[in-house]
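The values are calculated or read from the model by the stated rules, or taken from the named source; none is laboratory data. Model, not experiment: these values are computed from the prediction. A quick note on method: Cβ atoms are made from the backbone with ideal geometry, for glycine too, and the neighbour counts reach across all protein chains shown.
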Amino acid sequence: MKTKSDKTMALEARKDRRTRTLCDFRGIARRFMRQCKDLRIGAGAASPSYIGKRNFLQCVCPAPYEFALDIQRLGAYDLWRMRRKRRVVILGSTGSIGTSALKVARCLPEFMQVVGVAAHSRVKDLAAQAHEFGVRHVGVFDESRRSELSQLLPSGTQVHVGAEGLCELAALTEADMILVAISGTAGLQPTLRAIENGKDLAIASKEVLVMAGELVMTRAAAAGIQVLPIDSEHNAIFQCIHANAGDPERVKRLILTASGGPFRCTPENELERVTLEQALRHPTWNMGRKITIDSATLFNKGLEMIEARWLFGVPIEKVDVLVHPQSIVHSLVEFVDGSMLAQLSCSDMCFPIQYAVTYPDRVDGKLRPLRLEELCDLHFELPRRDVFPALDLARRAASVGGTMPAMYNAANEEAVQAFIDGKLSFPGIWRTVEQVLAGVQPHADCPSLQTVLDDDAAARELARSVIG
Ligand SMILES: NC(=O)c1ccc[n+]([C@@H]2O[C@H](COP(=O)([O-])OP(=O)(O)OC[C@H]3O[C@@H](n4cnc5c(N)ncnc54)[C@H](OP(=O)(O)O)[C@@H]3O)[C@@H](O)[C@H]2O)c1
């Protein structure tokens, strides 16, 4: 009689194990869908087509974590691990967030692979990144830099240019996550393209959600994709909310913390003399110019209030701000039972980026741990709303809704640029935004992309004429 060799038997046993694992896996998928229904997760996230074609381990709900643990317990660890490695395109890779994202990729190569990078015009930095990370797709917004970039890149690298180039990168077949870290409004169209193509999103560019939060979140839910916030405050809230079944009904208040910026204690009458250099001196964070100035005027927090409203599906009245100069508590959630959850870490954007990339898992990325015993004080105070009107203006813009938040953002961008160019005083920034918001006629609820872009342009034009 013919006997099976050890090798054949081992192969058959492996095949049998694999078949059983797949059966277990399908069973878990069915259970996971039931959990989604119980937790009232959006239809997109729980739909069979989503389960079938997407990385269902990681959609926005607390269930996948248990699910992943189930898989680990059942022995399909390799499958889980394979799916955990994120293939990421970084839009805005040469900026402050972009370089932090690359730092995370450097520290966690088994969790994050960079498959595309893009920037506005810093082609030397882009080329260096392409060489270091072996990236085959590089985008540059400024079309005049195409040939310079092409010469610097390894042969075989594909160059994508202009606004359409960014959209091509957002739809890249090799990618499963698009990290949007472009300053300003240029991130909106690639974000929508990423959603259309079923890519998960890690969003740092707050402008995207401020301009078109309703559009982005509605489309993302319908497509069943994950929207992970990278802004440290929203990432903190995301962590707190999802530790509590992610139900907005249980949330009483979202409390965004603000460092207060360099002028937290400056008397009002001295703000008129503030220089660009002083405004760029942030006490706790090292960031790009625009966001640093927004932190000094509190417009950054205003934008974040609107961003939070869309990300977490709560009315703007439930979004509050507390000044916390140490920037250790990144934000808090107050629940209906009066309990509060907060997320704390050192001030380093690698924390939220790493969390987004490894979600729902947590891994040791060798980031500096927080030593509470070394902190002398965690201080909280109310913002000076009478001196810095950016927060009340944001609340008003969000209450009006429609394209008003986009106009708030557009007017602020124009005013900040004018301040940088020396054409406007520091308080001139909020005076300009106040005047623009009083003079515009926004469109109502859930505007189309074109309406958002038209109203954005109208607000900019009005702001420029106000600035003179
Ligand atoms: N920095 C932070 O800690 C932080 C925290 C939370 C949220 N955010 C948000 O994240 C976004 C980026 O902030 P940042 O501080 O990293 O800004 P940044 O340092 O000024 O970097 C901006 C990046 O965007 C690129 N860029 C600008 N316009 C572009 C365009 N039209 N097309 C393609 N790329 C373009 C820049 O390319 P070039 O280098 O070629 O100009 C650069 O890579 C902002 O929306 C900000 O509000 C930042």
Between a first residue in segment 121-136 that is outside the structural domain of Ala101 (by TED's automatic domain parsing) and a second residue that is within 12 Å of the ligand (Cβ to nearest atom) and outside any helix (DSSP H, G or I), which pairs have beta carbons less than 6 Å apart while being 6 or more apart in sequence or on different chains? none
Find all pairs meeting these conditions: Cβ atoms under 6 angstrom apart; at least six residues apart or on different chains; first residue within segment 335-355 and in the same structural domain as Ser93 (by TED's automatic domain parsing); second residue surrounded by 21 or more Cβ atoms within 10 Å (Cβ to Cβ). none
Do we find a residue being more than 18 Å from Glu307 (Cα to Cα) and outside the structural domain of Leu391 (by TED's automatic domain parsing) anywhere in segment 408-415? yes
For Val210, state whether it is within 16 Å of the ligand (Cβ to nearest atom), in a helix (DSSP H, G or I) and in contact with an Asp or Glu (Cβ under 7 Å, 6 or more places away or on another chain). yes
Among helices (runs of 4 or more DSSP H) lying entirely in segment 250-365, which contain 2 or more residues that are within 15 Å of the ligand (Cβ to nearest atom) and of a type outside the set (Gly, Ala, Ser)? 289-297, 299-311, 350-358
Being within 17 Å of the chain's Cα centre (by Cα), within 10 Å of the ligand (Cβ to nearest atom) and surrounded by fewer than 19 Cβ atoms within 10 Å (Cβ to Cβ) narrows Gly162, Gly184 down to just Gly184
Condition met for Ala170 (touching a Pro at 6+ places or on another chain (Cβ under 7 Å), closer than 22 Å to Thr358 by Cβ and assigned by TED's automatic domain parsing to the domain that holds Asn197): yes
If you go through segment 287-298 one residue at a time, do you hit one that is over 30 Å from Ala438 (Cα atoms), touching a residue at least 60 places away in the same chain (Cβ under 8 Å) and not acidic (Asp, Glu)? yes
Please specify each residue of segment 339-358 satisfying the condition of being of a type in the set (Ser, Thr, Tyr) and in contact with a His (Cβ under 9 Å, 6 or more places away or on another chain). Ser345, Ser347
Condition (residue is touching a Cys at 6+ places or on another chain (Cβ under 6 Å) and either more than 14 Å from the ligand (Cβ to nearest atom) or at pLDDT 95 or above (or both)) applied to segment 88-101: is it met by at least one residue? yes
Residues of segment 385-404 classified as without any contact (Cβ under 8 Å) to a residue 24 or more places away in the chain and either in the same structural domain as Gln435 (by TED's automatic domain parsing) or of a type in the set (Lys, Arg) (or both), total: 1
Does Ala220 meet the test of being within 16 Å of the ligand (Cβ to nearest atom) and either assigned to a loop (DSSP other than H, G, I, E, B) or outside the structural domain of Tyr408 (by TED's automatic domain parsing) (or both)? no
Quick check: anything in segment 110-122 surrounded by fewer than 23 Cβ atoms within 10 Å (Cβ to Cβ), modelled with pLDDT under 95 and more than 9 Å from the ligand (Cβ to nearest atom)? yes
